[in-house]
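Peer 1: The structure is given below, and queries will be raised subsequently.
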Amino acid sequence: MLSPSTLDPAVLATATAGAEADAVTAAGTFGAALRASPEFGALLAAENVLAVDAVANAAIDAFQSRQAELRVELMMGVLADDQAAELERLQATMVAVPSVASYVATTAAFQAVCRETAAVVSAQIGIDLAANCRTGGCCGG
């Protein structure tokens, strides 16, 4: 077997450029297939409905506002029982809005597709794609 160090640099550069072009083409094909999935279409539709739902946005804002106010308590693990109950109530109110529930469900369905595809890609390349795409991995920041 030839070592890359014994190859002509021009030949190695050409081979590398060809492999990179193939990877970009494959990634484009993969992205197009993922965008064409019914789960992605459902997620986009749910996102569009959620974006114009005033009731949903008010419920989301109320939950996120209170959550932000209690961020320190949450991080320190010192949230009082009444504060925790208030957050749970606000979250339940938010998730009870049909457009929010639909968005949550379609997000979970699309995430499942992403996990399945990551497993397929991982099997093909021989490394855990998801683990290497997290912050600090080969692709993370």
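The values are calculated or read from the model by the stated rules, or taken from the named source; none is laboratory data. Since the structure is predicted, the reported quantities are computational estimates derived from the model, not experimental observations. We place every Cβ from the backbone using ideal geometry, glycine too, and count neighbours over all the protein chains shown.
Peer 1: What are the residue pairs meeting all of these: first residue in the stretch 120-141, first residue small (Gly, Ala, Ser) and in a helix (DSSP H, G or I), second residue surrounded by 10 or more Cβ atoms within 10 Å (Cβ to Cβ) and modelled with pLDDT under 60, Cβ atoms under 7 Å, and 6 or more apart or on different chains?
Peer 2: Pairs that qualify, where the first residue is small (Gly, Ala, Ser) and in a helix (DSSP H, G or I) and the partner is surrounded by 10 or more Cβ atoms within 10 Å (Cβ to Cβ) and modelled with pLDDT under 60, are Ala131/Gly137.
Peer 1: Only residues that are over 20 Å from Asn57 (Cα atoms) and surrounded by 14 or more Cβ atoms within 10 Å (Cβ to Cβ): list them for the stretch 97-129, please.
Peer 2: Here is the first cut: in the stretch 97-129, the residues over 20 Å from Asn57 (Cα atoms) are 109-129.
Within the stretch 97-129, Ala109, Phe110, Val113, Cys114, Thr117, Ala118, Val121, Ser122, Asp128, Leu129 meet the criteria.
Peer 1: Determine which member of the set Val55, Val78 is outside any helix (DSSP H, G or I), more than 24 Å from the chain's Cα centre (by Cα) and modelled with pLDDT of 95 or more. Walk me through how you get there before you give the answer.
Peer 2: On the way: Val55 fails: outside any helix (DSSP H, G or I).
Testing whether each residue is outside any helix (DSSP H, G or I), more than 24 Å from the chain's Cα centre (by Cα) and modelled with pLDDT of 95 or more leaves just Val78.
Peer 1: Filter the stretch 58-75 down to residues that are in a helix (DSSP H, G or I) and in contact with a helix residue (DSSP H, G or I) (Cβ under 7 Å, 6 or more places away or on another chain) and give me whichever is farthest from Ala108 (Cα to Cα). Walk me through how you get there before you give the answer.
Peer 2: Narrowing the stretch 58-75 to residues in a helix (DSSP H, G or I): 58-69, 71-75.
Subset that is in contact with a helix residue (DSSP H, G or I) (Cβ under 7 Å, 6 or more places away or on another chain): 59-60, 62-63, 66-67, 73.
On the way: Ala59: 20, Ile60: 18, Ala62: 23, Phe63: 20, Arg66: 24, Gln67: 22, Glu73: 28 Å.
Only one residue tops the list, namely Glu73.
Conditions tested, residue by residue: (1) of a type outside the set (Asp, Glu); (2) more than 25 Å from Ala36 (Cα to Cα); (3) not assigned by TED's automatic domain parsing to the domain that holds Leu34.
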residue: Leu70; (1), (2), (3): yes, yes, yes
residue: Asp82; (1), (2), (3): no, yes, yes
residue: Tyr103; (1), (2), (3): yes, no, no
residue: Thr106; (1), (2), (3): yes, no, no
residue: Phe110; (1), (2), (3): yes, no, no
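Peer 1: Find all pairs meeting these conditions: Cβ atoms under 6 angstrom apart; at least six residues apart or on different chains; first residue within the stretch 66-79 and within 15 Å of Gln91 (Cα to Cα); second residue surrounded by 14 or more Cβ atoms within 10 Å (Cβ to Cβ).
Peer 2: That search, which allows pairs on different chains as well, returns Arg66/Leu90; Leu70/Gln83.
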